[in-house]
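Have a look at the structure below, then the notes.
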Amino acid sequence: MANYQLSVEERTQTGKSYARKLRTEGKIPAVIYGSGKEPTIVEVVVRDVERALSAQGSLIDLDLAGGRRTVLVKDMHRDPVRGTLQHVDFHEVDLTKKLEATVPIRVVGEDQRPSDGGVVQTLLWEVTVLCLPTDIPEYIAVDVSEVELDQTVTVADLDLPEGIEVLADEDESVVKIGVPAEVDLGDEDGDATPEGEDVAEGADSEGASESEEE
């Protein structure tokens with residue numbers, strides 16, 4: 001999968017007032033750091049960043065002054081009220097070195113399970129993986145089509161793409177097929193004793209015993 005292409009411009013000013021000016025122009029401030037280089041302050045069109053964030057894949061190729069820098073989005077800040085993007089941190093990566101990345105878990109095959117009433121319970125929503133930047137998967141699929149009732153899928157059971165290592169305990173639970181709650185049919189079968197009946201019967205027995213003693 002090709003990396004997303006994103007154009008950025010080097011920024012010569014900093015400060016809140018300049019950041020506000022950028023936002024009025026539809027841009028936001030950003031920083032590129034990593035790979036043993038000094039941080040580079042840049043500005044980028046906010047609409048383009050939002051598109052990059054929603055695109056498949058994790059890697060982004062930044063076009064800066066005619067040069068290309070491959071990055072991951074390491075952090076971002078949004079307005080707590082309006083939800084608009086305010087700032088982005090890009091982390092430049094070395095494509096020849098493995099790194100840690102957070103990858104979501106995606107449950108598949110739920111509609112192919114038997115009609116046994118089992119409830120698919122996701123217990124782990126994401127995992128940290130170790131791999132080359134170019135091997136970071138969009139997600140890790142967990143197929144539950146053949147998972148039986150009361151059975152749990154653990155990290156050790158994950159079907160991982162080649163070159164991917166999950167940094168988690170192999171026994172950690174990922175997905176479980178819960179057993180459906182049983183319906184109590186005691187009242188319908190006439191087996192249940194109406195509330196208070198035991199007490200009444202006990203009182204009658206005690207009364208009878210007292211009469212006999214007298």
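The values are calculated or read from the model by the stated rules, or taken from the named source; none is laboratory data. Keep in mind it's a predicted model, so treat the numbers as computed, not measured. With ideal geometry, Cβ positions are generated from the backbone for all residues, glycine too; neighbour counts draw on all protein chains shown.
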Of the conditions (1) in a loop (DSSP other than H, G, I, E, B); (2) surrounded by 15 or more Cβ atoms within 10 Å (Cβ to Cβ), the single one that PHE90 does not satisfy is (1)
Please specify each residue of region 18-54 satisfying the condition of being among the acidic types (Asp, Glu), under 25 Å from the mean Cα position of the chain (by Cα) and farther than 18 Å from ALA65 by Cα. GLU50
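Yes/no matrix, rows are residues, columns are (1) within 18 Å of GLN86 (Cβ to Cβ); (2) in contact with a His (Cβ under 9 Å, 6 or more places away or on another chain); (3) surrounded by 13 or more Cβ atoms within 10 Å (Cβ to Cβ); (4) among the β-branched types (Val, Ile, Thr):
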{"site": "LEU6", "(1), (2), (3), (4)": "yes, no, yes, no"}
{"site": "GLU10", "(1), (2), (3), (4)": "no, no, no, no"}
{"site": "GLU25", "(1), (2), (3), (4)": "yes, no, no, no"}
{"site": "VAL45", "(1), (2), (3), (4)": "yes, no, yes, yes"}
Take ARG20 and tell me if it is farther than 28 Å from LYS98 by Cα, at pLDDT below 95 and charged (D, E, K, R). yes
Within region 96-115, which residues are surrounded by 11 or more Cβ atoms within 10 Å (Cβ to Cβ) and assigned to a loop (DSSP other than H, G, I, E, B)? LYS98, GLY109, ARG113
For region 138-154, how many residues meet the condition of being surrounded by fewer than 17 Cβ atoms within 10 Å (Cβ to Cβ) and part of a loop (DSSP other than H, G, I, E, B)? 8
Test for ARG78: is it surrounded by 11 or more Cβ atoms within 10 Å (Cβ to Cβ) and either in the same structural domain as ILE164 (by TED's automatic domain parsing) or within 17 Å of ALA19 (Cα to Cα) (or both): yes
Of everything in region 116-127, what is within 18 Å of the chain's Cα centre (by Cα), assigned to a strand (DSSP E or B) and among the hydrophobic types (A, V, I, L, M, F, W, C)? Give them in sequence order. VAL120, VAL127
Selection from region 126-137 of residues that are buried (at least 19 other Cβ atoms within 10 Å of the Cβ) and modelled with pLDDT of 95 or more: VAL127, VAL129, CYS131
So, in region 26-75, of the ones that are part of a strand (DSSP E or B), touching a helix residue (DSSP H, G or I) at 6+ places or on another chain (Cβ under 8 Å) and free of Cβ contacts under 8 Å to residues at least 24 places away in the same chain, which residue ends up nearest to GLU138 (Cα to Cα)? VAL73
Residues of region 109-126 being touching an Asp or Glu at 6+ places or on another chain (Cβ under 9 Å) and more than 27 Å from PRO180 (Cβ to Cβ), which ones? none
